[in-house]
């Protein structure tokens, strides 16, 4: 998608952090903005710093009814959505004081929240928007925000990493499906980005577990606007994987090396799955 000017961009979780950075970058590229967030007050405040005509909607990404209402509202004004940024998310909610959350200590309610917001929210966004892109026949692009935790699973991040690994898998499969109809897919995998994401995640985690909330202390992190600019570049170039923090490359390589080293002799010497099975397990988006 070389020309973003005039395109309609929907960004979820747009009131703060990466979502707001995406909105700012796409606005600078000349796009029409439609922004959503579960926090309507913060969203309206953010929209005041963006171009006139920016649409705003309250949206709980877990709600199919909310998605239908938002998509209908955007189509009424602009006729359709060209770029979908599934960005809304929630984290583990750990803090410097409490440290990592062991797998056995994740409350069931917070586990469900992680999967519902981070993974099911992306699924519902794709299901609500992409059929319209296909029907209009003029291409489009989907940006799904994952994380470096979509490729790395350190101790204490089991729930968050599980949800973000899911986003990566969903997006890679989606990219192969949409390749023939000219719709691109990008998976945003950032490291630390300046936001109140950690604080809001800690608060939601505490509420889900019924415990008091203590705001965590955050270190310095990358500016969200710079992440947004990198995503605009990726959409223009139709990049599948978008890594904003190259310092994580050795850790990803360590994981890949460990996976490759685990391949050895067949458990049944002489047996091999059929060429058709192998071909069906490939992904054209990896080879593009």
Handout entry: Yes/no for residue 126 being in a helix (DSSP H, G or I), closer than 19 Å to residue 60 by Cα, in contact with a strand residue (DSSP E or B) (Cβ under 6 Å, 6 or more places away or on another chain) and at pLDDT 95 or above
Key = no
Exercise for the section: Answer yes or no: is there a residue in segment 51-66 that is assigned to a helix (DSSP H, G or I), touching a helix residue (DSSP H, G or I) at 6+ places or on another chain (Cβ under 8 Å) and surrounded by fewer than 22 Cβ atoms within 10 Å (Cβ to Cβ). Expected result: yes
Exercise for the section: Considering each residue of segment 240-250, count those that are assigned to a helix (DSSP H, G or I) and in contact with a helix residue (DSSP H, G or I) (Cβ under 8 Å, 6 or more places away or on another chain), and give that number. Expected result: 1
Handout entry: Selection count, segment 133-161, where residues are part of a helix (DSSP H, G or I), out of contact with any helix residue (DSSP H, G or I) (no Cβ under 7 Å at 6 or more places or on another chain) and surrounded by fewer than 19 Cβ atoms within 10 Å (Cβ to Cβ)
Key = 2
Problem - Which listed residue, of 80, 89, is within 30 Å of residue 165 (Cβ to Cβ) and assigned to a loop (DSSP other than H, G, I, E, B) - result: 89
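For (1) under 26 Å from residue 229 (Cα atoms); (2) free of Cβ contacts under 8 Å to residues at least 40 places away in the same chain, each residue gets a yes or a no:
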| site | (1), (2) |
| --- | --- |
| 83 | yes, no |
| 89 | yes, no |
| 92 | no, no |
| 118 | yes, no |
| 125 | yes, no |
| 147 | yes, no |
| 155 | no, no |
| 163 | yes, no |
| 168 | yes, yes |
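The values are calculated or read from the model by the stated rules, or taken from the named source; none is laboratory data. All values reported here derive from a predicted model rather than from experimental measurement. Cβ: placed from backbone, ideal geometry, glycine included. Neighbour counts: every protein chain shown.
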